[in-house]
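Colleague: Next up is a structure, given as structure tokens.
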């Protein structure tokens, strides 16, 4: 016997009410993950490795807990605010590994899907540029060159992703932004290298000028 329309809609209402309650429960968790991710990046730039490692562990635990919490409504895993939080977690953990010169974790190891991971990696390159500028200020051009090489590798690997934005969650736009970021970063390193060479030449130029002055009556 067919169900009355009212009964069908009552059942749908109960499911959606439960889903909305769950959404309200996980929303603050996702926001906290984003805040913790920002703090992890801050710790990594400051080389506060003990604190960073603890925060990284907390984040990965939060991802696992979040996944377990929404098992009853797995579609919420793909909600925009959850995917954004996962992207931020991926970015923070990748920045942590890259700045420590460690092998980067896989999406499976972080517990995130492929699209948030890809976008997190692309956004992490902005933090690599920040690290490059720090290295230049500290006259550590070797480190700056290594970080630039990482940025190059990520860019040239990512330009092959030509899937629709609905699939990659905007990776193409971020890849285009990375290209401009690369050009500016390469220019900064080139200028710093030329400046270093000029500074090394200055004593020689000074000695040459003094010698030349000796021959002037």
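Colleague: Taking only Cα atoms and a 10 Å spring cutoff, compute GNM fluctuations for the chain and point out the largest among 24, 11, 48.
Modeller: Of the options given, 11 has the highest mean-square fluctuation.
Colleague: Rounding to the nearest 10 and keeping the result within 0 to 90°, find how far the Cα-based axis of helix 80-99 lies from the longest principal axis of the chain.
Modeller: Helix 80-99 sits at roughly 30 degrees to that axis.
Colleague: Now a separate question. Pick out which of 165, 17, 61 has the largest mean-square fluctuation in a Gaussian network model of the chain, springs linking Cα atoms closer than 10 Å.
Modeller: Of the options given, 17 has the highest mean-square fluctuation.
Colleague: I'd like the FRET efficiency for residue 50 and residue 134, computed as 1/(1 + (r/R0)^6) with the beta carbon distance as r and R0 of 22 Å, rounded to 0.05. Don't skip to the answer; put the middle values down first.
Modeller: On the way: r = 20 Å, r/R0 = 0.91.
Working from the Cβ atoms, E equals 0.65.
Colleague: Compute the whole-percent fraction of alpha carbon pairs in segment 1-112 spaced more than 25 Å apart. Please list the in-between numbers first.
Modeller: Numbers: 2103 of 6216 pairs.
Cα-Cα pairs of segment 1-112 separated by over 25 Å account for 34 percent.
Colleague: Can you give me the angle between helix 114-137 and the longest principal axis of the chain, using Cα atoms only, in degrees from 0 to 90, rounded to the nearest 10?
Modeller: For helix 114-137, the angle is close to 30 degrees.
Colleague: Between residue 31 and residue 187, how many nm apart are label points set 7 Å from Cα along the C-beta direction?
Modeller: Distance between the two pseudo-spin positions: 3.9 nm.
Colleague: Can you quote the Å³ per residue value for the convex hull of the Cα atoms in segment 88-194, rounded to an integer?
Modeller: 86 Å³
Colleague: Mind checking the angle between helix 49-69 and the chain's longest principal axis? C-alpha axes, 0 to 90 degrees, to the nearest 10.
Modeller: 20 degrees
Colleague: Normalised by the residues of the chain, what does the relative contact order come to in percent, with Cα pairs under 8 Å and at least six apart? Walk me through the numbers on the way to the answer.
Modeller: Numbers: 175 pairs, mean separation 33.7, N = 217.
Relative contact order comes out at 16 percent.
Colleague: Also, quick follow-up: Calculate, in nm to one decimal, what residue 106 and residue 198 gain on full extension: separation in residues at 0.36 nm each, minus their alpha carbon distance.
Modeller: 28.8 nm
Colleague: Still on this structure, please answer the following. Over the chain, what per residue volume does the convex hull of the Cα atoms give, in whole Å³?
Modeller: Dividing the Cα hull volume of the chain by its residue count gives 155 Å³.
Colleague: Further question on the same structure: With a point put 7 Å past each Cα toward its Cβ, work out how far residue 79 is from residue 161 in nm, to one decimal.
Modeller: 2.4 nm
Colleague: Something else: Taking the chain as a Gaussian network, Cα atoms linked when under 10 Å apart, which of 142, 127, 91 shows the biggest mean-square fluctuation?
Modeller: 142
Colleague: Quick check: residue separation of residue 180 and residue 22 times 0.36 nm, minus the Cα distance between them. What number comes out in nm?
Modeller: This chain segment gains 52.8 nm when fully extended.
Read the figures in this text as sums done on the coordinates, not as results from a lab. Please read all numbers here as calculations on a predicted model, not as lab measurements. Neighbour counts are summed over all protein chains in view; Cβ atoms, including those assigned to glycine, are modelled from backbone coordinates with ideal geometry.
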